[in-house]
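Shown next, in structure tokens, is the structure this report addresses.
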Amino acid sequence: MSQLQIPFDTTDAKDFQVIVETIIHYLVTYFDPSEVSIIRIKNWFDHKWLNYSGKQLLEYDSKSNPEIPFVLEPYWNTEITIPPFHPNRVLSETKFRKKDINNTRFLVPFHQLQPSIENKKNVISRRLQNGLCFWISSNSTINHQGSLMVYDIKNGEVKSWYIGIEKKEVWKVTKTKGISKQQIESMLTFDSIS
């Protein structure tokens, strides 16, 4: 799995690609996952997608506005779910697994057309036991920014984090959530020591 290909396209800035590839290859080498999923998302996405589960229907305070009995509100499930990107934003979903792994739940597409409320049931640890999932933004050349979101699943436990990468003279990590910039910097030196 060390030779996995990341499905970049012509919309991706070369320096953005280098940062993302280096981090992914480091994590795959370090964690030696049984399964890896790489999902390309149309355009940039922000850190609010990290651990986001979708929207849920809540009763509205009808005293102030009786015409509105219910509202949709953002929801973060206690068990981490697959982020609910609409399938029309998914450019590609590439999956790799070790030869001896026969987990059919992993092969089912992560992003399917369904009501947002159904995503509460789309718990990521039920799809992978020992895996890494990556969500990568597209159009970094035009946007001058990109995103990488990582879910690390090991024995039912999920660790997740997000980084924002921007072109400010040079491409660099400008935002982190769930991980420190120092940890990212140590990953980015991976190629020079491998």
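Derivation of every value follows stated rules applied to the coordinates shown; laboratory data play no part. Everything numeric here is computed off the predicted structure, so don't read it as measured data. Ideal geometry is used to build each Cβ from the backbone, glycine not excepted, and the neighbour counts take in all protein chains shown.
For a footprinting-style exposure proxy, rank HIS25, HIS144 by other Cβ within 10 Å, fewest first.
HIS144, HIS25
Let me spell out the model: positive unit charges on the Cβ of Lys and Arg, negative unit charges on the Cβ of Asp and Glu, origin at the Cα centre of the chain. What dipole size does that give, in debye rounded to 20?
Around 220 debye, computed over the chain.
Assuming 0.36 nm per residue, please report the length gained on full extension of the stretch LEU113 to THR141 beyond their Cα-Cα distance. Walk me through the intermediate numbers first.
Numbers: separation 28, 0.36 × 28 = 10.08 nm, distance 2.87 nm.
7.2 nm is the gain from fully extending LEU113 to THR141.
So for the chain: antiparallel DSSP bridges make up what percent, rounded to the nearest 5?
85
For the chain, what's the relative contact order in percent, using C-alpha pairs closer than 8 Å and at least 6 residues apart? Each step should come with its number before you reach the end.
On the way: 353 pairs, mean separation 51.7, N = 194.
Here the relative contact order equals 27 percent.
Name the residue, out of ILE41, ILE80, ILE101, whose mean-square fluctuation peaks in a Gaussian network model built on the chain with Cα pairs under 10 Å.
Residue with maximal mean-square fluctuation among ILE41, ILE80, ILE101: ILE101.
Neighbour counts of other C-beta atoms within 10 Å: give me THR174, THR10 arranged from fewest to most.
Ranking THR174, THR10 by Cβ neighbours within 10 Å, fewest first, gives THR10, THR174.
Which whole-number value in Å³ per residue fits the convex hull of the alpha carbons of segment 103-194?
Dividing the Cα hull volume of segment 103-194 by its residues yields 154 Å³.
What length, rounded to one decimal in nm, is gained on full extension from GLU185 through to ASP32, with 0.36 nm per residue of separation minus their alpha-carbon distance? Don't skip to the answer; put the middle values down first.
Values: separation 153, 0.36 × 153 = 55.08 nm, distance 2.02 nm.
Full extension from GLU185 to ASP32 adds 53.1 nm.
Would you work out the charge dipole size for segment 76-138 about its Cα centre, treating the Cβ of every Lys and Arg as +1 and the Cβ of every Asp and Glu as -1, and quote it to the nearest 20 debye?
180
Please list, or write none, the lysines whose alpha carbon is within less than 20 Å of the alpha carbon of LYS99, excluding same-chain residues fewer than 8 places away.
Leaving aside lysines fewer than 8 places away in the same chain, those within reach of LYS99 are LYS154.
Out of residues 5 or more away from LEU91 or on other chains, whose amide H comes under 5 Å of its own, with H placed 1.01 Å from N in the peptide plane?
Correct list: ARG40, ILE41, LYS42.
Amide H neighbours of ASN51 under 5 Å, counting only residues 5+ apart in sequence or on other chains, H built in-plane at 1.01 Å?
Here nothing satisfies the definition.
When all alpha-carbon pairs of the chain are counted, what percent fall beyond 21 Å?
53
Give the separation of the Cα centroids, segment 99-176 to segment 1-52, in Å.
Taking the Cα centre of segment 1-52 as reference, the centre of segment 99-176 is 8 Å away.
Ignoring everything except DSSP H segments at least 4 long, calculate the 222 nm mean residue ellipticity for the chain; use -39,500 (n - 2.57) per segment, divide by total residues, nearest 500.
My calculation for the chain gives -5000 deg cm²/dmol from helical runs alone.
How much length, in nm to one decimal, is gained on full extension between THR174 and ASN43, taken as 0.36 nm per residue of separation minus their Cα-Cα distance?
So the extension gain works out to 45.4 nm.
Counting other beta carbons within 10 Å of each Cβ, put LYS55, LYS99 in order, fewest first.
Listing LYS55, LYS99 from fewest to most nearby Cβ atoms yields LYS99, LYS55.
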